Amino acid sequence: MVNKNSAWDYLKEGFLNLIYPLSCENCGKSIRESKGYSICDDCMKQIKLISSPYCYQCGKPLSPMVYFEEKAMCSDCNSKEKHYFNRSVAYYQGVMRKCIHLLKYKKQVKLIQPLGDLMIDYLKADNFYDIQEIDLIIPVPLFKGDFLRRGFNQSSLLAEYVANYFSLSFSNDLLIKNKENVSQVGLSKIERKNNVKNVFSINSSFKKDIYNILLIDDIFTTGATVEACCKELRKTGIKKIFVLTLARGI
């Protein structure tokens with residue numbers, strides 16, 4: 001987990017910021033007080049959160065110009081059974097897109113705190129989730145080679161941050177990614193589904209007394225990755241799988 005700033009970290013970052021001042025990667029404005037990442041507070045406030053109406057099953061935003069009955073579902077969820085319920089905190093655009101890019105590819109891991117706080121605020125405000133029902137919080141895993149190259153799994157850091165806040169159990173290795181696959185970026189819906197087929201499995205040490213799981217990931221696009229994970233989790237007898245993703249592509 002990413003630790004909160006110690007006094008030494010604060011002084012060190014302040015000194016480095018004095019010599020190498022940070023500019024916001026989004027608006028270019030100088031960041032007076034470094035927090036270990038290069039997005040200013042004003043830009044963080046511009047992150048566009050997803051609000052209702054959205055699909056009851058997968059969380060896809062629905063048109064605000066149309067009246068939807070309670071538990072309305074999108075056409076995709078109406079046409080086939082899903083193994084999970086998903087909600088997404090914000091749209092994968094603008095500042096949120098920039099934050100996730102800085103986290104994953106520029107290793108600005110201290111973004112876990114403000115981004116994790118957005119997920120926590122969502123869980124506290126949305127009555128769909130009863131956090132007390134959750135037995136375990138887990139992340140969508142990375143393949144071992146990808147983890148070694150990046151040095152961390154951003155979904156794992158987010159999941160642990162949320163679990164610690166709510167004093168819930170966290171597991172980093174219940175779900176395993178067995179092999180490397182190509183990036184989902186740019187693939188069609190069918191290609192994404194095939195790309196994650198037989199990629200995930202359950203750790204043999206899985207305990208059978210786990211009933212409700214919260215699975216956390218950074219981005220939800222077509223849901224192919226989440227669906228592949230949840231199919232494996234369903235084989236264990238888990239009753240409910242809730243998914244919370246930081247951002248959603250449209």
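The values are calculated or read from the model by the stated rules, or taken from the named source; none is laboratory data. Since this is a predicted model, take the numbers as computed values, not measurements. Neighbour counts are summed over all protein chains in view; Cβ atoms, including those assigned to glycine, are modelled from backbone coordinates with ideal geometry.
Would you check if Tyr37 is of a type in the set (Ser, Thr, Tyr), within 16 Å of Gln108 (Cα to Cα) and modelled with pLDDT under 90?
Numbers: of a type in the set (Ser, Thr, Tyr): yes; within 16 Å of Gln108 (Cα to Cα): yes; modelled with pLDDT under 90: no.
Spelling it out, it is not the case that Tyr37 is of a type in the set (Ser, Thr, Tyr), within 16 Å of Gln108 (Cα to Cα) and modelled with pLDDT under 90.
Within the range 76-94, can one find any residue that is farther than 28 Å from Tyr129 by Cα and at pLDDT below 90? Explain how you work it out, then say what you get.
Of all residues in the range 76-94, those farther than 28 Å from Tyr129 by Cα come to none.
The answer is no, given that none of the residues of the range 76-94 is farther than 28 Å from Tyr129 by Cα and at pLDDT below 90.
Touching a residue at least 60 places away in the same chain (Cβ under 8 Å), outside any helix (DSSP H, G or I) and more than 28 Å from Cys27 (Cβ to Cβ) - does that describe any residue in the range 95-108?
Checked the range 95-108: no residue is touching a residue at least 60 places away in the same chain (Cβ under 8 Å), outside any helix (DSSP H, G or I) and more than 28 Å from Cys27 (Cβ to Cβ).
Given the criteria aliphatic (A, V, I, L, M) and modelled with pLDDT of 90 or more, does Leu187 qualify? So that I can check it myself, show each step before the final result.
Details: aliphatic (A, V, I, L, M): yes; modelled with pLDDT of 90 or more: no.
So Leu187 does not fit the description; no.
Take the residues in the range 142-169 that are in contact with a strand residue (DSSP E or B) (Cβ under 7 Å, 6 or more places away or on another chain) and farther than 22 Å from Phe220 by Cα; name whichever of them is surrounded by the fewest Cβ atoms within 10 Å (Cβ to Cβ). Don't jump to the end; show me each part of the working.
Step one: of the range 142-169, the residues in contact with a strand residue (DSSP E or B) (Cβ under 7 Å, 6 or more places away or on another chain) are 142-143, 153-156, 158-160, 162-163, 168-169.
Applying the additional criterion that residues be farther than 22 Å from Phe220 by Cα yields 168-169.
Values: Leu168: 16, Ser169: 12.
For the range 142-169, the residue satisfying everything is Ser169.
Of everything in the range 205-227 that's part of a helix (DSSP H, G or I) and in contact with a helix residue (DSSP H, G or I) (Cβ under 8 Å, 6 or more places away or on another chain), which residue is nearest to Lys104 (Cα to Cα)?
Restricting attention to the range 205-227, the residues satisfying the condition of being part of a helix (DSSP H, G or I) are 224-227.
Now narrow it down to the ones that are in contact with a helix residue (DSSP H, G or I) (Cβ under 8 Å, 6 or more places away or on another chain): 224-225, 227.
Numbers: Ala224: 20, Thr225: 17, Glu227: 22 Å.
By that ranking, first place goes to Thr225.
Go through Asp117, Asp9 for me and flag whichever is of a type in the set (Asp, Glu), modelled with pLDDT of 95 or more and either out of contact with any Phe, Trp or Tyr (no Cβ under 7 Å at 6 or more places or on another chain) or not in a helix (DSSP H, G or I) (or both). Walk me through it before giving the result.
Values: Asp9 fails: modelled with pLDDT of 95 or more.
Only one candidate qualifies: Asp117.
Of the conditions (1) in a strand (DSSP E or B); (2) surrounded by 18 or more Cβ atoms within 10 Å (Cβ to Cβ); (3) touching a Lys or Arg at 6+ places or on another chain (Cβ under 9 Å), Ser201 clears all except one; give me its number.
(2) is the only condition that Ser201 fails.
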